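The values are calculated or read from the model by the stated rules, or taken from the named source; none is laboratory data. Because the structure is predicted, anything quoted here is derived from the model rather than measured. Heads up, the Cβs are rebuilt from the backbone with ideal geometry, glycines too, and the neighbour counts pull from every protein chain shown.
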There are 4 protein chains.
Amino acid sequence: MTETAGRGRPRSETARAAILDAALELCQRDGYQALTIKGIAEKAGVGRQTVYRWWPTKEAVLMEALRDLALREAARLQPDSGDTLRDVRTLLEATFALVQRLTGEAIVGLMAESQHDPELSSRLQATVIGPRRTALRDLLARGVERGDLSDDDIALDLAVDFCFGTMWYRLMGRHAPVDAALAGQLTAALRRMLAPADDDARHLTR
Amino acid sequence: MTETAGRGRPRSETARAAILDAALELCQRDGYQALTIKGIAEKAGVGRQTVYRWWPTKEAVLMEALRDLALREAARLQPDSGDTLRDVRTLLEATFALVQRLTGEAIVGLMAESQHDPELSSRLQATVIGPRRTALRDLLARGVERGDLSDDDIALDLAVDFCFGTMWYRLMGRHAPVDAALAGQLTAALRRMLAPADDDARHLTR
Amino acid sequence: MTETAGRGRPRSETARAAILDAALELCQRDGYQALTIKGIAEKAGVGRQTVYRWWPTKEAVLMEALRDLALREAARLQPDSGDTLRDVRTLLEATFALVQRLTGEAIVGLMAESQHDPELSSRLQATVIGPRRTALRDLLARGVERGDLSDDDIALDLAVDFCFGTMWYRLMGRHAPVDAALAGQLTAALRRMLAPADDDARHLTR
Amino acid sequence: MTETAGRGRPRSETARAAILDAALELCQRDGYQALTIKGIAEKAGVGRQTVYRWWPTKEAVLMEALRDLALREAARLQPDSGDTLRDVRTLLEATFALVQRLTGEAIVGLMAESQHDPELSSRLQATVIGPRRTALRDLLARGVERGDLSDDDIALDLAVDFCFGTMWYRLMGRHAPVDAALAGQLTAALRRMLAPADDDARHLTR
DNA sequence: TGTTAAGCGAGACGGTACGTCGGGTCTTAAG
DNA sequence: CTTAAGACCCGACGTACCGTCTCGCTTAACA
């Protein structure tokens with residue numbers, strides 16, 4: 001359906017994969033700013049035009065590489081152990097591990113770039129940021145339904161910002177690690193923030 | 001004291017200011033990636049070499065521009081109304097206003113760049129991120145001393161990450177505004193997170 | 001034969017010709033010292049890199065332009081009318097015309113430059129100076145074989161220096177024209193210098 | 001008369017000499033094209049403005065340096081041994097030695113430059129080329145008066161071109177040395193060219 | 001003897017050309 | 001009709017030198 005005709009030489013899947021791999025690797029090695037279409041093509045052993053034929057910019061190449069990665073990890077986004085905060089913790093740990101492993105540099109660069117590129121911004125949102133955000137939001141909302149958490153909408157959104165905001169802030173500022181321990185601390189803090197408004201906690205809501 | 005020799009034509013303060021202004025303005029107009037030393041020099045009405053003479057890279061120019069801004073705003077960093085959380089809210093509002101007004105783009109770009117430049121990373125930390133972070137941390141610590149807040153160290157650091165993490169996350173992702181309302185919500189959430197540890201909240205400290 | 005691989009976009013002959021033309025024209029218009037690769041590229045309507053891809057310096061561009069000119073004129077270098085001195089005169093007239101028409105400025109500049117560039121010096125010798133020199137030398141040598149001229153080797157070399165030395169000296173110093181009249185005077189002087197050592201001239205050889 | 005007022009600090013003769021020396025030395029070391037006012041000033045241990053105050057261009061600096069040299073050598077230009085051709089030989093030997101020793105590079109460069117700078121051309125003529133030319137011309141003319149040489153004016157001018165043309169041609173082309181031997185050969189050739197006009201040589205005068 | 005004015009070394013200033021690198025487009029021959 | 005190769009035009013890079021301009025400091029002649 002994506003392909004119109006069956007004629008002529010078919011697109012090389014080898015080249016596609018080599019380009020995406022090269023893009024991610026170079027971005028991690030030399031940084032987003034130093035990433036170059038010429039460099040990607042050379043590293044991938046591919047003609048420059050082969051990159052331009054399929055992607056308009058280096059941002060698009062990175063986006064596709066990240067999307068491929070994200071798809072492979074998507075399964076872990078919807079755990080359901082019955083314990084909401086345990087599920088939250090699992091999701092955060094998976095996310096932190098992924099982000100540590102290979103994409104921090106690329107995504108921060110893309111985010112910087114998206115400051116002046118609304119189209120990139122929305123694609124980034126749709127592909128990388130949004131799904132994760134939604135997954136966590138859904139998990140929390142399920143907790144509210146189950147009565148595990150209070151039902152304050154603003155607090156729910158803020159809780160998501162809290163988790164991923166802290167993650168990005170630390171990735172960028174490097175003042176503290178982004179690891180399983182952080183997942184634990186965040187989960188614990190969420191427990192307090194989102195505790196059901198029962199008698200014991202009445203004084204907190206004020 | 002900063003100058004060793006008194007000989008030769010002295011540095012032009014006019015040129016310095018014009019360059020810093022031009023850098024900030026162009027960064028906001030066209031984005032960090034599109035910022036160019038050539039562009040800065042032309043906008044400032046200055047020879048290109050005059051930029052290179054004093055700053056090695058566009059990052060350095062931006063850093064100095066941000067530092068100048070930060071110094072001018074430094075006064076607002078230590079309010080003391082007697083009410084810890086009111087002070088926190090004041091600090092956050094001031095920070096959000098500043099960041100909205102003119103530096104978001106630049107700082108996000110610098111942060112992206114600092115992913116592969118440890119030296120830039122630490123200067124960014126020392127100049128822009130750290131002071132604000134410390135200011136908030138100190139405010140919270142004072143609250144602990146006064147008994148307004150619980151004394152959990154991890155929770156304190158996490159609270160700072162919460163505030164500024166959310167700020168950066170929203171600045172980058174653009175999924176929600178960074179304004180006075182957010183300051184209010186964050187302050188309210190902090191109230192719950194850092195409520196003095198009474199019996200009801202003992203489990204949080206683990 | 002000169003090209004190894006047949007792949008990739010072939011070199012543009014249009015660009016090559018435009019560059020050589022522009023170089024000669026600018027050199028004549030503004031002088032050798034003012035000649036600039038940037039200027040050549042712009043005049044030729046060509047990217048700067050296209051010049052640098054094929055020639056390392058402006059000297060190399062000029063050399064190739066002169067060589068092309070020389071090749072087109074090569075035919076006139078070996079006249080044979082049966083009368084040696086008539087042939088000499090023809091050769092000199094052709095050379096003077098060429099040098100007047102368009103290359104004086106360029107060649108003098110290259111010669112100045114070649115004072116500190118042995119490689120340029122030898123290429124200049126091989127391409128521009130040498131062939132002309134050899135052509136005249138051969139003409140004179142043929143005259144010696146035919147008995148038209150005396151066979152003194154030193155005198156023969158000196159005669160060549162006489163003709164072309166005078167040409168360059170006048171081109172540089174501008175104290176006298178380099179024209180057909182000079183060709184006649186030189187030829188006449190050569191007749192005396194190189195007269196066969198017969199009875200009438202014995203006293204000249206000393 | 002050249003100086004208007006006697007007030008203020010007098011010009012530093014030390015600086016003037018250092019600049020002229022530096023110019024000549026750098027020109028010989030790196031070539032005319034690579035000669036730079038900045039380089040001259042630094043080599044001379046002098047402020048750049050001190051060069052610009054007294055000379056408008058590097059050409060002017062070189063001209064003055066050459067003029068100073070020429071003045072010091074002027075004495076040798078008018079030998080009179082009674083034997084015209086011996087005097088010629090002496091003049092040529094002195095000239096060749098001078099030119100070899102230190103000025104070839106500079107003068108060839110200036111000549112190249114003078115192709116597009118009539119003012120420089122005439123100053124070069126007046127200072128460097130002309131005097132030598134005139135000296136030789138006068139020597140030959142004296143020979144004519146004495147009856148040592150034929151009185152053909154064209155031949156006389158051509159003889160001068162012959163001597164200095166050969167010198168420059170060899171200096172530029174480097175195909176043969178410019179030394180005392182050449183002075184001898186040229187003198188010998190002149191003897192033939194300018195032999196008193198007897199019957200055998202009548203046809204030369206046309 | 002103190003004032004004054006020009007020259008001095010130093011070095012920053014606004015410019016321009018350098019030679020390199022990457023951008024994005026194009027034109028080949030090979031598959 | 002895609003691929004690798006690579007030339008094309010364009011323009012930013014960071015450097016060097018241009019010629020001009022301020023500095024603080026001599027260094028005399030004048031007052």
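Just to check your reading of the model, which residue among B:ASP157, B:ASP87, B:ASP151, B:ASP138 is outside any helix (DSSP H, G or I) and charged (D, E, K, R)?
Just a single option satisfies the conditions, and that option is B:ASP151.
Could you say whether any residue in region C:172-182 is in a helix (DSSP H, G or I) and at pLDDT below 90?
Within region C:172-182, one or more residues are in a helix (DSSP H, G or I) and at pLDDT below 90.
Please go through region D:34-63 and pick out each residue that is more than 11 Å from DNA strand F (Cβ to nearest atom) and surrounded by 17 or more Cβ atoms within 10 Å (Cβ to Cβ).
D:LYS43, D:ALA44, D:VAL46, D:LEU62, D:MET63
From the list B:GLU42, B:GLU73, B:GLU93, B:GLU64, pick out the single residue that is within 16 Å of DNA strand E (Cβ to nearest atom), in a helix (DSSP H, G or I), more than 24 Å from A:ASP117 (Cβ to Cβ) and away from chain A (no Cβ under 14 Å).
B:GLU64
Of everything in region D:147-162 that's farther than 9 Å from D:PRO196 by Cα and among the charged types (D, E, K, R), which residue is nearest to the other protein chains (Cβ to nearest Cβ)?
Here the answer is D:ASP161.
With respect to A:ILE107, is the statement that it is more than 16 Å from DNA strand E (Cβ to nearest atom) and either assigned to a helix (DSSP H, G or I) or of a type in the set (Gly, Ala, Ser) (or both) true?
Working: more than 16 Å from DNA strand E (Cβ to nearest atom): yes; either assigned to a helix (DSSP H, G or I) or of a type in the set (Gly, Ala, Ser) (or both): yes.
Taking the combined requirement at face value, the residue satisfies it.
If we keep just the residues of region B:12-33 that are within 14 Å of B:GLY109 (Cα to Cα) and small (Gly, Ala, Ser), which is surrounded by the fewest Cβ atoms within 10 Å (Cβ to Cβ)?
Here the answer is B:GLY31.
Do the conditions hold for D:ALA197, that is, is it at pLDDT 90 or above, surrounded by fewer than 17 Cβ atoms within 10 Å (Cβ to Cβ) and of a type in the set (A, V, I, L, M)?
Spelling it out, it is not the case that D:ALA197 is at pLDDT 90 or above, surrounded by fewer than 17 Cβ atoms within 10 Å (Cβ to Cβ) and of a type in the set (A, V, I, L, M).
So if I check each of A:GLU145, A:GLU73, A:GLU93, which one is in contact (Cβ under 8 Å) with a residue 60 or more places away in the chain and among the charged types (D, E, K, R)?
Details: A:GLU145 fails: in contact (Cβ under 8 Å) with a residue 60 or more places away in the chain; A:GLU73 fails: in contact (Cβ under 8 Å) with a residue 60 or more places away in the chain.
Of A:GLU145, A:GLU73, A:GLU93, the one residue that is in contact (Cβ under 8 Å) with a residue 60 or more places away in the chain and among the charged types (D, E, K, R) is A:GLU93.
Residues in region A:110-135 that are of a type outside the set (A, V, I, L, M), more than 27 Å from A:GLN185 (Cβ to Cβ) and assigned to a helix (DSSP H, G or I): how many?
8
Would you mind finding the one in B:LEU66, B:LEU85 that is over 23 Å from B:ARG123 (Cβ atoms) and in the same structural domain as B:GLY130 (by TED's automatic domain parsing)? Walk me through how you get there before you give the answer.
On the way: B:LEU66 fails: over 23 Å from B:ARG123 (Cβ atoms).
B:LEU85 is the lone residue from the list that is over 23 Å from B:ARG123 (Cβ atoms) and in the same structural domain as B:GLY130 (by TED's automatic domain parsing).
On the given criteria, is A:THR127 surrounded by 22 or more Cβ atoms within 10 Å (Cβ to Cβ), under 18 Å from the mean Cα position of the chain (by Cα) and not assigned by TED's automatic domain parsing to the domain that holds A:THR36?
no
Conditions: (1) within 20 Å of C:VAL108 (Cβ to Cβ); (2) facing another protein chain (nearest Cβ under 8 Å). D:VAL128 meets all but one. Number of the miss?
D:VAL128 satisfies all of (1) within 20 Å of C:VAL108 (Cβ to Cβ); (2) facing another protein chain (nearest Cβ under 8 Å) except (2).
Tell me which residues, restricted to region A:165-186, are in contact (Cβ under 8 Å) with a residue 40 or more places away in the chain and crowded, with 18+ Cβ neighbours inside 10 Å.
Correct list: A:MET167, A:TRP168, A:LEU171, A:MET172, A:VAL178, A:LEU182, A:ALA183, A:LEU186.
Write out, first by first residue and then by second, each pair whose Cβ atoms fall under 6 Å of each other, whose residues are 6+ apart or on separate chains, and whose first residue, in region B:104-119, is more than 7 Å from every other protein chain (Cβ to nearest Cβ) while the second is of a type in the set (S, T, N, Q).
Cβ pairs passing all conditions: B:SER114/B:SER121.
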